[in-house]
Each structure stands twice: as structure tokens, then as C-alpha cells.
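Since every read-out is calculated from the coordinates, none of them should be taken as a lab result. The structure displayed is predicted, hence computed values, not measured ones. Don't worry about glycine lacking a Cβ; one is built from the backbone with ideal geometry, like all the others, and counts go over all protein chains shown.
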Amino acid sequence: MDVVSTPAEMSAWTAARRASGDTMGFVPTMGALHAGHLSLIASSRAAHSATAVSIFVNPTQFDHADDFAHYPRTLERDLDACARAGVDAVFIPDAGAMYPEGSTTTIDPGPIGSILEGAHRPGHFAGVATIVVKLLNIVDPDAAHFGAKDYQQVAVIRRVATDLDIPSRIVAHPTVRESDGLAMSSRNVRLAPADRTAATVIHRALTASARAHRADPGDLAAARRAALGVLGAEARADVDYLAFMAPDLSRESRDGDPDTVALVAARFGDVRLIDNLALSEWNGD
Ligand code: AMP
């Protein structure tokens with residue numbers, strides 16, 4: 001496995017692999033790798049003959065300095081996990097390499113970046129859009145692989161890639177969960193034990209709304225009540241939003257829409273978690 005730290009080396013790596021006939025998959029991450037990241041790596045490896053992973057805790061997408069400072073950093077373990085997962089190259093730039101002195105350009109994804117997460121985390125999606133475009137320009141993969149756990153992030157990146165004529169395909173993969181339903185996240189390790197237990201409420205609320213939606217797809221208010229009932233019973237959860245949206249996030253879902261995605265953000269102590277569920281794709285009890 002090659003480990004490269006400058007954009008020039010990374011671009012040269014891709015060019016060399018492409019010249020020898022490889023197709024390139026790319027998995028951008030902020031490290032603290034878990035089974036969710038590894039599933040993206042496995043998907044990329046199944047689809048391409050070469051896979052690159054980036055590990056970069058991007059300062060510009062954090063709206064709180066505290067969250068950035070406390071974000072878990074486990075580089076040695078991550079490199080080990082990448083090697084064992086069969087990754088071909090890991091790109092680990094430092095902030096100075098990605099944002100050299102004098103750089104001022106940012107990408108504003110427009111309205112899709114200012115709702116939901118964007119409303120609660122001002123500037124977050126400009127930070128995400130800018131770093132992802134930079135990474136795609138540097139790595140130049142045939143496809144970049146993302147997790148549906150960060151549902152709005154995928155929607156924003158698709159929008160930006162389309163609008164800016166970025167040739168890489170943007171591919172989304174299902175959320176990997178702990179056995180109790182909690183979506184895997186690098187932030188889960190920061191949960192206090194009681195909050196880790198309480199955090200299962202997010203998935204329980206989402207499945208409760210899916211169950212209600214299955215019973216009557218024409219009554220979104222009932223799906224909302226079902227989710228709120230579950231969330232309201234957990235005192236440790238501080239809910240930022242519960243939203244029922246059209247799959248492309250262009251508008252709120254309406255009664256009887258064939259497809260609705262439910263999205264939740266909630267805080268447990270100082271750890272903020274997000275999750276979502278496509279209601280009609282839910283195949284639980
Ligand atoms: P992060 O390191 O949190 O920025 O995430 C890097 C990539 O992994 C993003 O595309 C995330 O959506 C994806 N990811 C994070 N958690 C999960 C999960 N539980 N299941 C699948 N993909 C995930």
C-alpha cells in the first residue's frame with residue numbers, strides 16, 4: 001500500500017495506475033475508520049482494480065472549533081485497517097497542503113446546502129463541497145464512494161458534481177449499523193455510556209415512523225407522531241430536527257408520495273448524531 005501526502009504525488013499515482021490500465025475507485029474519509037468506511041472500501045474494490053482512500057479531518061466543514069479539536073484521530077490504526085482491507089493508496093495531506101496560504105475559493109452548493117444540516121451547521125456544506133471537489137480534482141477517480149448515512153452530504157455532492165461537470169461518478173452505499181441499530185459513526189466513541197445506550201432511540205424512532213408509514217402511506221403526520229413519540233420518551237436526546245423529505249431533498253414529502261426519506265439529527269451531551277431511513281425501503285418487522 002502506498003501512502004502519499006502531497007496533492008502532486010497523489011495525482012501522479014492515479015495517472016500511473018490509469019496508464020497501466022486500472023480503473024480507480026476513491027473513498028474520502030476523515031479517518032477513525034470503522035466498519036462503515038470498510039464497507040465503502042470493499043464496494044470500491046469490487047468495482048475497480050485500484051482503490052484510493054483519503055484521510056483528512058477537514059477543518060472548514062466544522063462549525064464548532066471544539067468538535068474539530070475533539071474529532072477522533074487514529075492514523076496508525078487507520079493505515080493498518082486500510083492495508084488489511086486491500087487499499088492501494090492512502091492520501092493523508094495536512095491542512096497546509098489542502099489550503100495553502102492565499103487560497104480563498106469556496107464552493108457554495110446553493111439551497112440544498114442550507115436546509116437541515118446546513119441550517120444547523122452554517123458553512124458546513126460549503127466546507128464539504130470545497131474539500132470534495134478538491135479531492136476529486138486531485139485523485140481523479142472513475143467513481144467516488146459515499147455512505148448514505150450522510151444522506152444530505154451525498155445529495156449536495158451529486159448536485160455539485162453535476163453543476164461543475166465533474167466526471168467522476170458519485171456512488172452511495174447503505175448505512176452500516178451496530179447490532180442495536182445505531183448507525184456507525186466516528187463520533188460514537190465520544191458518547192458517554194448512558195448516551196451510547198440512549199442513542200439507539202434515533203433508529204428506533206426512524207423504524208417506528210417507517211412502520212406507521214407502511215400502515216398508511218397517506219398519513220405522514222402519523223409517521224411523524226410515531227417518531228416523535230419514541231424520541232420524546234428519551235430524555236437524553238436533544239432533537240435538532242426530524243424531517244420527512246422527497247428523496248432528492250428538493251421539498252418536504254407529501255401524503256401519499258411513493259418515496260419519503262426520514263432524517264433525524266439529535267444531540268446526546270456534546271455529541272451530535274445524524275441518521276436517516278428511506279421509509280418505503282425499510283424491510284423490518
Ligand atoms: P467520515 O469519515 O465520517 O467523513 O465518513 C467518510 C465516508 O464514510 C462518508 O461517505 C460517510 O457517509 C461514510 N460513512 C460514515 N459512516 C457510515 C456508516 N455507518 N455506513 C456507511 N458509510 C458510512
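Things to note:
- Ordering of 210-220, 25-35 by burial proxy (mean other Cβ atoms within 10 Å per residue, highest first): 25-35, 210-220
- Each other residue within a Cβ distance under 12 Å of residue 48 adds +1 if Lys or Arg and -1 if Asp or Glu, for a net charge of +1.
- For the range 112-181 and the range 76-97, distance of Cα centres in Å: 20 Å
- Relative contact order computed over the chain (Cα-Cα under 8 Å; 6+ residues apart), in percent: 17 percent
- Pairs of Cα atoms nearer than 8 Å and 6+ residues apart set the relative contact order; for the range 130-217 it is 23 percent.
- Extent along the principal axes, Cα only, for the range 175-245: 39, 25, 19 Å, with the longest axis given first.
- Shape class of the range 1-107 from the Cα gyration tensor (axes a ≥ b ≥ c, square roots of the eigenvalues): oblate, since a/c reaches 1.5 or more and a/b does not exceed b/c.
- Karplus-derived HN-Hα couplings along the range 125-142 (A = 6.51, B = -1.76, C = 1.60, θ = phi - 60°), whole Hz, x at Gly and Pro: 6, 5, x, 5, 4, 5, 5, 5, 4, 4, 5, 5, 5, 6, 7, 6, x, 5
- Think of each Lys and Arg Cβ as +1 and each Asp and Glu Cβ as -1; about the Cα centre, that makes the dipole of the range 123-269 roughly 380 debye.
- Antiparallel DSSP beta bridges within the chain, percent to nearest 5: 45 percent
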